[in-house]
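Quick notes on the structure that follows.
The values are calculated or read from the model by the stated rules, or taken from the named source; none is laboratory data. The shown structure was predicted, so the numbers you read here are calculated from the model rather than taken from an experiment. Neighbour counts run over all protein chains shown; Cβ positions are idealised from the backbone, glycine included.
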Amino acid sequence: MKKYFAGIVYILAISSLFASNANVEKAPDFKVKLLSGDRISLYELLEEGPVLLDFWATWCGPCKKAMTHQEHFHKAYQDSGFNVLTINQDSPKSLSKVKGYIRSKKYSFKVGLDPNQQISKIFNAVLLPTMILIDKDGTIAWRHQGFIPGDEVAIEDHIKALIRP
C-alpha cells in the first residue's frame, strides 16, 4: 500500500512540474493579404514585438467600438514594437465596405482580409470581436471574445504587461 501511495505522490509531483507549461499555447503562423494589397505573416510582425490580433466585421457594433481603442493602443505603443493586426471577416460580397470604413475612421493599424474565414478558423474566432494578444515569442498571452465598455482597461493592462522595458 505504501508503494502504491508513493507512486501516486510521485506521479502528482511530476505532473505538477509540467502543469505550469501545459497552458502555454503558441500561435500558428499565417500570411494574410492586407487592405493595402501587401501580404504579411504574423511572425514577421512578432519580430517587432507583441501583436494584438483582432477578428472583426463591418456589421459588428461591438467590433467597431473596440477598434477606436485599438487605434489608441496602436499609436501609444507602436514605438515599443507593438502592432495591432485586425482581420476582417466580411464576406467576399461586402469587402468593398471595409476599405471605406477604415478610411473614414482614419485608422492606421494593419487590416487583413479573411473573407472565407480561414484564419479565424485556425484561431477558433467564432464570436466577434475576438481579440488575441500574442507575445513576441509567439505565445498566446491573452484571449477575449466580445467587447463591452470597460474592456479596454483590461486590454491595455495586458498590453503593458507584455511591453517590457
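Could you check residue 81 against (1) under 12 Å from residue 159 (Cβ atoms); (2) crowded, with 21+ Cβ neighbours inside 10 Å; (3) of a type in the set (Gly, Ala, Ser) and say which number it fails?
Condition not satisfied by residue 81: (2).
Of the numbered conditions (1) modelled with pLDDT under 95; (2) under 15 Å from residue 71 (Cα atoms), residue 102 fails exactly one; give the number of that condition.
(1)
Go through the stretch 95-109 and give me each residue that's closer than 20 Å to residue 46 by Cα and in contact with a strand residue (DSSP E or B) (Cβ under 6 Å, 6 or more places away or on another chain).
Selection gives 109 alone.
Just checking, which of 125, 141 is crowded, with 16+ Cβ neighbours inside 10 Å, within 14 Å of the chain's Cα centre (by Cα), modelled with pLDDT of 95 or more and more than 16 Å from residue 86 (Cβ to Cβ)?
141 is the lone residue from the list that is crowded, with 16+ Cβ neighbours inside 10 Å, within 14 Å of the chain's Cα centre (by Cα), modelled with pLDDT of 95 or more and more than 16 Å from residue 86 (Cβ to Cβ).
Quick check, is residue 108 part of a helix (DSSP H, G or I), under 17 Å from residue 67 (Cα atoms), modelled with pLDDT of 95 or more and among the polar types (S, T, N, Q)?
Answer is no for this residue.
Identify, from the list 81, 138, 100, the residue that is touching a Gly at 6+ places or on another chain (Cβ under 9 Å) and among the small types (Gly, Ala, Ser).
81
Which one of these is assigned to a strand (DSSP E or B) and farther than 24 Å from residue 160 by Cβ: 33, 99?
33
Name the single residue that is nearest to residue 122 (Cα to Cα) among those in the stretch 37-56 being in contact with a strand residue (DSSP E or B) (Cβ under 8 Å, 6 or more places away or on another chain) and surrounded by fewer than 17 Cβ atoms within 10 Å (Cβ to Cβ).
Out of the qualifying residues, it is 41.
Okay, residues lined up against (1) touching a strand residue (DSSP E or B) at 6+ places or on another chain (Cβ under 7 Å); (2) free of Cβ contacts under 8 Å to residues at least 40 places away in the same chain; (3) crowded, with 16+ Cβ neighbours inside 10 Å:
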| position | (1), (2), (3) |
| --- | --- |
| 64 | no, yes, yes |
| 85 | yes, no, yes |
| 93 | no, yes, no |
| 112 | yes, no, yes |
| 148 | no, no, no |
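Contact list please: Cβ distance under 8 Å, first residue in the stretch 34-52 and within 13 Å of residue 113 (Cα to Cα), second residue among the small types (Gly, Ala, Ser), pairs at least six apart or on different chains.
Going by the 8 Å Cβ cut-off, the qualifying pairs are 34/112; 35/112; 40/112.
Of the residues 119, 148, 140, 87, only one is part of a helix (DSSP H, G or I) and not polar (S, T, N, Q); which?
The match here is 119.
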